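Here the structure comes first, spelled out in C-alpha cells, and everything after it is commentary.
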Amino acid sequence: MKTFVVIGLGRFGSAVARKLFEMGHEVLVIDDNEAAVQKISSVVTHAVAADAKDPNTLKALGIRNYDCAILAIAENIEDSVLITLALKDLGIREVVCKARDAQHKKILEKLGADRVIIPEYEMGLKTAVKLGSENLLDFIELSDNYGISEIKVPSKWIGQGIAEIDIRKKYKINVIAVKNECCKEVTAVPGPEYIFKENDILVIMGKNENINSFHI
C-alpha cells in the first residue's frame, strides 16, 4: 500500500482520489471547498478543507510523509506554481501535477515536478491512436518520443515466433509482454522462441512514431 495526497477536487482530482482508494491505498485529499471535501470524505482515508498554498498548512498535515502528491489544480497557474514549490520544498518523493497546456507543463517541469499530465491532450492522443489502428487496444505515452501500446496479435503472426518475424528489426518495436485473453496467462519479456497464439494481446514499446505507423 502506498500513501497519496491529492490536492484539488475537480473532476480529475476526485476521480484519481477515488480510484487510488478503491485500489487499497491511503489517500488524503485537500481542497479549500468544504462542500467538495465533505462530498468525498466517505470514499477516501482523510479529507481536509484547507488552503494548500500555505506551506505551513501542508507541513502541519504531515504531507512530507506521503509517497506521492498529486496536484490536480491547473486553472490558476499561480496557485499551481506556489503549491508545486511548496511540495518540492517539503521533500515529497514524487510530485505529479496537472497542467492546462504545454507552456504550463514546461513551467512545472522546471520547478521540479516529477511528472506533468495534460489530461485532455493525453486522452485525445490515445483516442486518435486507437481510432487510427483497428488492432490497437490501448496507448500510454511515456515521453514525447516513446510509448507503450497493447495490440491484438495480427492474424498473420499466429503460429510464428518473435525471431521468425524479426519484429524489432522490421517494425522497430519491442514486445515486452504477451497476455492471452483465453487462458489469462501473461508472459513477461517473451524470448525470441515465443510462438504467437490466437487471442494473444501484445504489449509493445517503442518510439511513438513507430507505434503510430504500425499497421498489420
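The values are calculated or read from the model by the stated rules, or taken from the named source; none is laboratory data. Every value quoted in this text rests on a predicted model; they were computed, and no experiment measured them. Neighbour counts run over all protein chains shown; Cβ positions are idealised from the backbone, glycine included.
When the residues of the range 50-78 are narrowed to those that are under 14 Å from Leu9 (Cβ atoms) and crowded, with 16+ Cβ neighbours inside 10 Å, which ends up nearest to the chain's Cα centre (by Cα)? Once the filter is applied, the top-ranked residue is Ile70. Among the residues of the range 96-142, the one identified as in a helix (DSSP H, G or I), in contact with a Ser or Thr (Cβ under 8 Å, 6 or more places away or on another chain) and at pLDDT below 90 is Val129. Restricting attention to the range 164-175, does a residue exist that is out of contact with any Ser or Thr (no Cβ under 8 Å at 6 or more places or on another chain), over 19 Å from Leu142 (Cβ atoms) and not in a helix (DSSP H, G or I)? Yes, there is a match, as at least one residue in the range 164-175 is out of contact with any Ser or Thr (no Cβ under 8 Å at 6 or more places or on another chain), over 19 Å from Leu142 (Cβ atoms) and not in a helix (DSSP H, G or I).
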